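To keep things clear, I will list the structure first and then write my remarks on it.
The values are calculated or read from the model by the stated rules, or taken from the named source; none is laboratory data. Please read all numbers here as calculations on a predicted model, not as lab measurements. So basically every Cβ, Gly included, is an ideal-geometry build from the backbone, and we count neighbours across all protein chains shown.
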Amino acid sequence: MVGKYLLIAAAAYLIGSVNSAILLVRLLYRQDVRASGSGNAGSTNVTRTYGSAPGLLTLLCDMLKAAAAGLLGRALAGQTGYMVGGLFCLVGHCWPLYFRFKGGKGMAVAAGMCLLLDWRVFLILGALFAVTFALWRRVSLSTIAAVAAFPPLYWLMTRQADAVLALGTVMCLLVLFQHRENIRRLLNGTEPKLTIKGRKP
(Lines give C-alpha, C1' and ligand atoms only; values in the text may rest on other atoms or scores of the structure.)
Protein backbone atom coordinates (compact mmCIF):
# COMPACT_ATOMS: atom_id res chain seq x y z
CA MET A 1 0.00 0.00 0.00
CA VAL A 2 2.88 2.37 0.76
CA GLY A 3 4.14 1.82 -2.77
CA LYS A 4 0.77 2.86 -4.17
CA TYR A 5 0.78 6.07 -2.15
CA LEU A 6 4.31 6.88 -3.34
CA LEU A 7 3.24 6.28 -6.94
CA ILE A 8 0.18 8.50 -6.47
CA ALA A 9 2.28 11.24 -4.86
CA ALA A 10 4.85 11.22 -7.66
CA ALA A 11 2.27 11.19 -10.47
CA ALA A 12 0.13 13.86 -8.81
CA TYR A 13 3.15 16.12 -8.27
CA LEU A 14 4.03 15.90 -11.97
CA ILE A 15 0.40 16.62 -12.93
CA GLY A 16 0.30 19.57 -10.56
CA SER A 17 3.53 20.93 -12.01
CA VAL A 18 1.72 21.57 -15.31
CA ASN A 19 0.95 25.21 -14.54
CA SER A 20 -2.07 26.41 -16.49
CA ALA A 21 -1.43 30.13 -15.93
CA ILE A 22 2.11 29.99 -17.29
CA LEU A 23 1.21 27.84 -20.29
CA LEU A 24 -1.95 29.72 -21.28
CA VAL A 25 -0.32 33.15 -21.06
CA ARG A 26 2.64 31.92 -23.09
CA LEU A 27 0.29 30.47 -25.69
CA LEU A 28 -2.07 33.45 -25.90
CA TYR A 29 0.25 36.41 -25.28
CA ARG A 30 3.82 35.12 -25.61
CA GLN A 31 4.53 36.46 -22.12
CA ASP A 32 5.42 35.15 -18.67
CA VAL A 33 2.59 35.75 -16.20
CA ARG A 34 5.15 35.73 -13.38
CA ALA A 35 6.58 38.96 -14.79
CA SER A 36 3.17 40.69 -14.65
CA GLY A 37 0.86 41.94 -11.93
CA SER A 38 1.53 40.29 -8.58
CA GLY A 39 4.02 37.86 -10.13
CA ASN A 40 1.92 34.89 -9.06
CA ALA A 41 1.29 32.09 -11.56
CA GLY A 42 -2.39 31.62 -10.76
CA SER A 43 -5.85 32.41 -12.04
CA THR A 44 -6.26 35.61 -10.00
CA ASN A 45 -3.16 37.22 -11.48
CA VAL A 46 -4.18 36.10 -14.97
CA THR A 47 -7.59 37.71 -14.43
CA ARG A 48 -6.10 40.90 -13.04
CA THR A 49 -3.60 41.28 -15.86
CA TYR A 50 -5.17 39.72 -18.93
CA GLY A 51 -8.91 39.71 -18.30
CA SER A 52 -11.72 37.55 -16.99
CA ALA A 53 -11.90 35.07 -19.89
CA PRO A 54 -8.29 33.81 -19.67
CA GLY A 55 -8.59 33.95 -15.88
CA LEU A 56 -11.63 31.68 -15.89
CA LEU A 57 -9.96 29.33 -18.36
CA THR A 58 -6.94 29.10 -16.06
CA LEU A 59 -9.21 28.39 -13.10
CA LEU A 60 -10.98 25.61 -14.99
CA CYS A 61 -7.72 23.99 -16.14
CA ASP A 62 -6.31 24.04 -12.61
CA MET A 63 -9.47 22.47 -11.22
CA LEU A 64 -9.37 19.79 -13.91
CA LYS A 65 -5.78 18.84 -13.18
CA ALA A 66 -6.66 18.54 -9.50
CA ALA A 67 -9.55 16.28 -10.43
CA ALA A 68 -7.27 14.17 -12.62
CA ALA A 69 -4.70 13.73 -9.85
CA GLY A 70 -7.37 12.97 -7.27
CA LEU A 71 -9.24 10.47 -9.44
CA LEU A 72 -5.98 8.69 -10.23
CA GLY A 73 -5.36 8.39 -6.51
CA ARG A 74 -8.88 7.15 -5.87
CA ALA A 75 -8.55 4.49 -8.57
CA LEU A 76 -5.40 3.15 -6.94
CA ALA A 77 -6.10 3.58 -3.22
CA GLY A 78 -9.64 4.73 -2.55
CA GLN A 79 -10.62 7.95 -0.80
CA THR A 80 -7.31 8.29 1.05
CA GLY A 81 -5.52 7.91 -2.29
CA TYR A 82 -7.76 10.66 -3.66
CA MET A 83 -6.59 13.06 -0.96
CA VAL A 84 -2.94 12.06 -1.35
CA GLY A 85 -3.28 12.81 -5.06
CA GLY A 86 -4.84 16.17 -4.31
CA LEU A 87 -2.21 17.11 -1.76
CA PHE A 88 0.72 16.39 -4.05
CA CYS A 89 -1.02 18.01 -7.01
CA LEU A 90 -1.21 21.10 -4.82
CA VAL A 91 2.49 20.81 -3.98
CA GLY A 92 3.29 20.56 -7.69
CA HIS A 93 1.09 23.57 -8.45
CA CYS A 94 2.81 25.71 -5.83
CA TRP A 95 6.34 24.49 -6.60
CA PRO A 96 6.25 23.19 -10.20
CA LEU A 97 9.14 21.04 -11.36
CA TYR A 98 8.86 22.35 -14.92
CA PHE A 99 8.93 26.06 -14.05
CA ARG A 100 11.79 26.52 -11.59
CA PHE A 101 9.54 25.76 -8.61
CA LYS A 102 7.69 29.08 -8.90
CA GLY A 103 3.96 28.49 -9.26
CA GLY A 104 0.58 29.51 -7.89
CA LYS A 105 -1.02 29.63 -4.48
CA GLY A 106 -3.32 26.63 -4.80
CA MET A 107 -6.84 28.01 -4.51
CA ALA A 108 -8.10 26.51 -7.77
CA VAL A 109 -6.51 23.12 -7.06
CA ALA A 110 -8.12 23.01 -3.62
CA ALA A 111 -11.48 23.98 -5.14
CA GLY A 112 -11.27 21.20 -7.71
CA MET A 113 -10.51 18.65 -5.03
CA CYS A 114 -13.34 19.88 -2.82
CA LEU A 115 -15.89 19.68 -5.65
CA LEU A 116 -15.32 15.96 -6.19
CA LEU A 117 -14.85 15.21 -2.52
CA ASP A 118 -18.23 16.58 -1.38
CA TRP A 119 -20.31 18.83 -3.63
CA ARG A 120 -22.33 20.10 -0.64
CA VAL A 121 -19.21 21.39 1.07
CA PHE A 122 -18.06 22.89 -2.24
CA LEU A 123 -21.31 24.82 -2.69
CA ILE A 124 -21.29 26.18 0.85
CA LEU A 125 -17.66 27.26 0.60
CA GLY A 126 -18.34 28.72 -2.84
CA ALA A 127 -21.16 30.79 -1.37
CA LEU A 128 -18.88 31.95 1.45
CA PHE A 129 -16.23 32.92 -1.09
CA ALA A 130 -18.77 34.83 -3.19
CA VAL A 131 -20.28 36.72 -0.26
CA THR A 132 -16.87 37.65 1.14
CA PHE A 133 -15.73 38.86 -2.28
CA ALA A 134 -18.92 40.85 -2.84
CA LEU A 135 -18.41 42.66 0.46
CA TRP A 136 -14.66 43.35 0.29
CA ARG A 137 -13.59 42.70 -3.35
CA ARG A 138 -10.43 40.89 -2.29
CA VAL A 139 -9.84 37.43 -3.71
CA SER A 140 -7.22 36.65 -1.09
CA LEU A 141 -9.60 37.34 1.79
CA SER A 142 -12.33 35.28 0.13
CA THR A 143 -9.91 32.40 -0.41
CA ILE A 144 -8.64 32.52 3.17
CA ALA A 145 -12.21 32.52 4.53
CA ALA A 146 -13.25 29.54 2.40
CA VAL A 147 -10.10 27.53 3.07
CA ALA A 148 -10.21 28.13 6.82
CA ALA A 149 -13.84 27.02 6.91
CA PHE A 150 -13.22 23.68 5.17
CA PRO A 151 -12.07 21.49 8.12
CA PRO A 152 -14.92 22.35 10.53
CA LEU A 153 -17.50 22.35 7.75
CA TYR A 154 -16.39 18.96 6.40
CA TRP A 155 -16.54 17.49 9.89
CA LEU A 156 -20.01 18.94 10.51
CA MET A 157 -21.28 17.54 7.20
CA THR A 158 -19.75 14.07 7.55
CA ARG A 159 -19.02 13.60 11.28
CA GLN A 160 -15.85 11.79 10.22
CA ALA A 161 -12.46 12.60 11.73
CA ASP A 162 -10.51 10.44 9.29
CA ALA A 163 -7.54 10.54 6.92
CA VAL A 164 -9.59 12.58 4.45
CA LEU A 165 -10.13 15.32 7.01
CA ALA A 166 -6.48 15.17 8.10
CA LEU A 167 -5.09 15.42 4.57
CA GLY A 168 -7.67 18.07 3.67
CA THR A 169 -6.56 20.12 6.66
CA VAL A 170 -2.94 19.83 5.52
CA MET A 171 -3.99 21.12 2.09
CA CYS A 172 -5.79 24.05 3.70
CA LEU A 173 -2.74 24.91 5.78
CA LEU A 174 -0.57 24.81 2.68
CA VAL A 175 -2.90 27.20 0.83
CA LEU A 176 -2.89 29.53 3.84
CA PHE A 177 0.91 29.37 3.93
CA GLN A 178 1.00 30.38 0.28
CA HIS A 179 -1.17 33.39 1.17
CA ARG A 180 1.06 34.53 4.03
CA GLU A 181 2.01 37.78 2.26
CA ASN A 182 -1.66 38.45 1.52
CA ILE A 183 -2.50 37.88 5.18
CA ARG A 184 0.22 40.33 6.19
CA ARG A 185 -1.14 42.95 3.78
CA LEU A 186 -4.70 42.36 4.96
CA LEU A 187 -3.61 42.97 8.54
CA ASN A 188 -1.76 46.12 7.45
CA GLY A 189 -4.68 47.34 5.35
CA THR A 190 -2.62 47.37 2.14
CA GLU A 191 -4.08 44.38 0.28
CA PRO A 192 -5.40 45.63 -3.09
CA LYS A 193 -8.88 44.92 -4.40
CA LEU A 194 -9.27 42.92 -7.58
CA THR A 195 -9.21 45.13 -10.65
CA ILE A 196 -9.31 43.71 -14.16
CA LYS A 197 -7.12 45.54 -16.65
CA GLY A 198 -8.20 43.44 -19.57
CA ARG A 199 -6.07 42.04 -22.35
CA LYS A 200 -2.44 43.05 -22.24
CA PRO A 201 -0.84 43.98 -25.56
**OP:** Report whether or not Leu173 is over 17 Å from Met83 (Cα atoms), modelled with pLDDT of 95 or more and among the hydrophobic types (A, V, I, L, M, F, W, C).
**Re:** no
**OP:** May I ask you to list pairs of residues, at least six apart or on different chains, whose Cβ atoms are under 6 Å apart, with the first in the range 1-14 being closer than 10 Å to Ala77 by Cα and in contact (Cβ under 8 Å) with a residue 40 or more places away in the chain and the second being part of a helix (DSSP H, G or I) and of a type in the set (Gly, Ala, Ser)?
**Re:** Lys4/Ala77; Ile8/Gly73; Ile8/Gly81; Ile8/Gly85
**OP:** Kindly provide the set of residues from the range 44-64 that are over 14 Å from Leu90 (Cα atoms), in contact with a helix residue (DSSP H, G or I) (Cβ under 9 Å, 6 or more places away or on another chain) and surrounded by 15 or more Cβ atoms within 10 Å (Cβ to Cβ), ordered by number.
**Re:** Thr44, Asn45, Val46, Thr47, Arg48, Thr49, Tyr50, Pro54, Gly55, Leu57, Thr58
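Here's the yes/no breakdown for (1) farther than 18 Å from Gly73 by Cβ; (2) modelled with pLDDT of 95 or more; (3) surrounded by fewer than 19 Cβ atoms within 10 Å (Cβ to Cβ); (4) touching a Pro at 6+ places or on another chain (Cβ under 8 Å):
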position: Val121; (1), (2), (3), (4): yes, yes, no, no
position: Ala145; (1), (2), (3), (4): yes, yes, yes, no
position: Pro151; (1), (2), (3), (4): yes, yes, yes, no
position: Arg159; (1), (2), (3), (4): yes, no, yes, no
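State the number of residues belonging to the range 164-182 that are touching a residue at least 40 places away in the same chain (Cβ under 8 Å) and either surrounded by fewer than 14 Cβ atoms within 10 Å (Cβ to Cβ) or of a type outside the set (Gly, Ala, Ser) (or both).
Qualifying residue count for the region: 10.
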Subject >> Output for the range 86-117, where each listed residue is over 19 Å from Leu167 (Cβ atoms) and of a type outside the set (Ser, Thr, Tyr) >> reply: Pro96, Leu97, Phe99, Arg100, Phe101, Lys102, Gly103, Gly104
Original post:
How many residues does the range 8-34 hold that are closer than 17 Å to Gly106 by Cβ and of a type in the set (D, E, K, R)?
Top reply: 1
